[in-house]
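Each remark here refers to the structure printed beneath this line.
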Amino acid sequence: MSTHGRPADPVEDYAATLAAALHGPARAKARLVEEIRDGLADTVAAYHGPDTPYHVAAREAVREFGTPAELVPGCQRELTIAQARHTARAVALTAPFLMFCWYLILTPGEGRQLPHAAQVVALHLAGVAVTAALLGAVMLAVTGTLARRLPTPRRLPQVAAWTGTAAGTAMALATATLLVASPLAANWPLVALAGLLTAASHGVVASSARVCRRCVRGGPSVPPEPGPAGT
């Protein structure tokens with residue numbers, strides 16, 4: 001395998017293969033892959049010498065490090081926890097803000113009354129948002145300060161993924177409800193603005209939950225290892 005006539009660098013191939021097999025927050029993933037890449041490069045440099053060609057040193061370094069397929073499960077577990085925290089944080093931060101917005105338009109008052117049907121739907125969706133926000137806060141605590149003393153529950157990433165999914169679904173339904181009801185509301189600009197803010201929050205939460213579900217399911221299998229450079 002070569003690039004523009006030059007032999008491919010086994011270290012870069014290793015890092016690229018590992019990165020392609022992992023899923024999670026972009027920064028955490030990039031940092032993890034870079035740390036492994038640097039460690040492998042240092043090990044190759046330690047083996048490389050006058051009597052040891054570079055590709056032989058790279059092969060020995062990979063044998064010491066383990067193949068990407070061997071590293072993926074542990075790395076993916078770490079990234080899955082990171083993504084679960086990302087999703088929990090998105091829910092815990094956006095849901096209370098939305099509940100405040102909904103409170104402003106659901107509280108009876110001059111020029112703020114929604115149609116009764118819209119109020120009923122919004123109240124039920126607010127209940128989902130409250131539950132999701134509480135779960136998000138608990139998951140942040142479990143994967144943060146408490147993680148130093150207690151092991152992270154194995155099912156926590158799944159709970160985070162489906163909490164985010166439930167919150168995102170509630171936000172999507174709330175968006176539709178508010179935008180449809182806004183022409184019927186006395187103070188329709190405020191209702192429409194709340195609907196738009198809910199839609200934006202839905203995009204953030206739903207996107208994070210989707211990645212979290214993908215992490216929980218596991219990424220694609222690692223492609224076969226390429227042969228040593230120069231062979």
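The values are calculated or read from the model by the stated rules, or taken from the named source; none is laboratory data. Not measured: the values here are computed from a predicted model. For accessibility, only protein heavy atoms count, side chains too; no ligands or nucleic acids. Shrake-Rupley method; radii C 1.70, N 1.55, O 1.52, S 1.80 Å.
Just the accessible area per residue of segment 32-137, please: how many Å² with a 1.4 Å probe?
Using a 1.4 Å probe on heavy atoms only, each residue of segment 32-137 averages 52 Å².
Could you put 191, 56 in order of accessible surface area, largest first, with the 1.4 Å probe and the full protein assembly present?
These residues rank, largest area first, as 56, 191.
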